[in-house]
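**Student:** Attaching a single structure in structure tokens format; questions to follow.
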Ligand code: GDP
């Protein structure tokens, strides 16, 4: 068995070519749910879905989210209606009171569907509708995720980190941008989708993590190990998992290797550097190693000269296609064996 921890880009990219190194039948993917939001009453799980869509062969590989060749008729109509009615395009949070009313899993991240600030494709929406309806029928998020995985013919076991709500909330430095008056705090999706990571960040909070239980399936998979952390944003993709006490303890007990999302201090994509800086880590491979005290070995880019206190396997870590992913997966397997783990 091998367990991968995943956000929405790095680990899905790694999995898209890892099957000859890590047998899918013996692979569990634990996906981050801190980025999830409820939008117009539907629970949207971006990281879970990128894994499901990639492994199910339907991912839009240009954008690395959503379903390939999907249409956006409902989304376009939502935008047009709001525009015609003179309604602000949002993001439109529900009231403070409504944030904690309704299904618990969506606490602290409920948005109105008016003007739909995130683009949801038509086929994509059917996934969110099915997920939310199954939750309302009484299933937990782990069960629902496995049901969707079966429907999409996903060969690996995909589970959320928790069946409880954990919301990644970005605390901004007030008045730090000329764009507008940013709220003092905003959900990660507002920060990323609506503001393109522009606001200055003071801190990132994982609301609910202290009381959230690990999903038993995620905890069991991490305890069994070994664990591969693909190149991920250590703050908003892996941070929510590490913030759940049982998962953090399990990571310290098991063999873990991590692929750096940096080449020294150069990030491949996304807001990882800015967010790491904000929470007190050097935005670099060294900072990633500091963020993962439980990691036993690393995979670093061959151009990355960072000297770490733990073993490192070097390869070209840029992943554009399946052959790249396979090369990085082989390096991860080599790092696992250097860390003393048995690789199936
Ligand atoms: P998110 O959920 O979309 O924020 O994505 P993840 O946390 O899964 O991954 C984001 C990280 O992936 C970023 O910090 C990027 O630097 C890293 N990344 C993206 N593409 C590559 C790649 O081809 N190679 C490596 N090593 N890292 C990558």
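**Student:** Report whether or not residue 204 is surrounded by 17 or more Cβ atoms within 10 Å (Cβ to Cβ), in a strand (DSSP E or B) and modelled with pLDDT of 95 or more. First the steps, then the outcome.
**Tutor:** Details: surrounded by 17 or more Cβ atoms within 10 Å (Cβ to Cβ): yes; in a strand (DSSP E or B): yes; modelled with pLDDT of 95 or more: yes.
So residue 204 fits the description; yes.
**Student:** Let me ask another. Given the structure, is residue 313 in contact (Cβ under 8 Å) with a residue 24 or more places away in the chain and under 22 Å from residue 252 (Cβ atoms)? It would help to see each step written out before you state the result.
**Tutor:** Numbers: in contact (Cβ under 8 Å) with a residue 24 or more places away in the chain: yes; under 22 Å from residue 252 (Cβ atoms): yes.
Yes: the conditions hold for residue 313.
**Student:** In addition: Quickly run through segment 247-284 and pick out the residues that are more than 10 Å from the ligand (Cβ to nearest atom), over 24 Å from residue 173 (Cβ atoms) and touching a residue at least 24 places away in the same chain (Cβ under 8 Å).
**Tutor:** 247, 248, 250, 251, 252, 253, 254, 255, 256, 257, 258, 264
**Student:** Looking only at residues in segment 45-65 that are within 12 Å of the ligand (Cβ to nearest atom) and under 21 Å from residue 132 (Cβ atoms), which one is farthest from the chain's Cα centre (by Cα)?
**Tutor:** To start, the set of residues in segment 45-65 that are within 12 Å of the ligand (Cβ to nearest atom) comprises 45-51, 54, 63-65.
Filter again for under 21 Å from residue 132 (Cβ atoms), leaving 45-51, 65.
Numbers: 45: 9, 46: 7, 47: 4, 48: 7, 49: 9, 50: 9, 51: 9, 65: 11 Å.
That would be 65.
**Student:** Then there is this: Yes or no: segment 296-313 includes at least one residue that is within 14 Å of residue 229 (Cα to Cα), away from the ligand (no atom under 16 Å from the Cβ) and part of a loop (DSSP other than H, G, I, E, B).
**Tutor:** Looking through segment 296-313, at least one residue is within 14 Å of residue 229 (Cα to Cα), away from the ligand (no atom under 16 Å from the Cβ) and part of a loop (DSSP other than H, G, I, E, B).
**Student:** Would you check if there is a residue in segment 31-40 being at pLDDT 95 or above, under 23 Å from residue 300 (Cβ atoms) and within 11 Å of the ligand (Cβ to nearest atom)?
**Tutor:** Of segment 31-40, the ones at pLDDT 95 or above are 31-40.
Filter once more, keeping what is under 23 Å from residue 300 (Cβ atoms): 32.
From what is left, the residues that are within 11 Å of the ligand (Cβ to nearest atom) are 32.
So far as segment 31-40 goes, yes, one or more of its residues are at pLDDT 95 or above, under 23 Å from residue 300 (Cβ atoms) and within 11 Å of the ligand (Cβ to nearest atom).
**Student:** Based on this model, can you work out whether residue 319 counts as crowded, with 22+ Cβ neighbours inside 10 Å, touching a residue at least 12 places away in the same chain (Cβ under 8 Å) and assigned to a helix (DSSP H, G or I)?
**Tutor:** On the way: crowded, with 22+ Cβ neighbours inside 10 Å: yes; touching a residue at least 12 places away in the same chain (Cβ under 8 Å): yes; assigned to a helix (DSSP H, G or I): no.
The answer is no for residue 319.
**Student:** The conditions are (1) more than 20 Å from residue 53 (Cα to Cα); (2) touching a residue at least 24 places away in the same chain (Cβ under 8 Å); (3) more than 20 Å from the chain's Cα centre (by Cα), and residue 138 fails exactly one of them. Which is it?
**Tutor:** Failing condition for residue 138: (2).
**Student:** While we're here: For segment 113-135, which residues satisfy the criterion of being buried (at least 17 other Cβ atoms within 10 Å of the Cβ) and free of Cβ contacts under 8 Å to residues at least 24 places away in the same chain?
**Tutor:** Looking only at segment 113-135, we keep the residues that are buried (at least 17 other Cβ atoms within 10 Å of the Cβ), and these are 113-118, 120-121, 124-125, 127-128, 131-132, 134-135.
Correct list: 134 only.
**Student:** Here are the criteria: (1) closer than 23 Å to residue 192 by Cβ; (2) in a loop (DSSP other than H, G, I, E, B). Tell me which single one residue 102 does not satisfy.
**Tutor:** (1)
The values are calculated or read from the model by the stated rules, or taken from the named source; none is laboratory data. Predicted model, so just to flag it, every value in this text is computed and none were measured. Methodologically, a virtual Cβ is constructed for each residue, glycine included, from the backbone with ideal geometry; neighbour enumeration extends over all protein chains shown.
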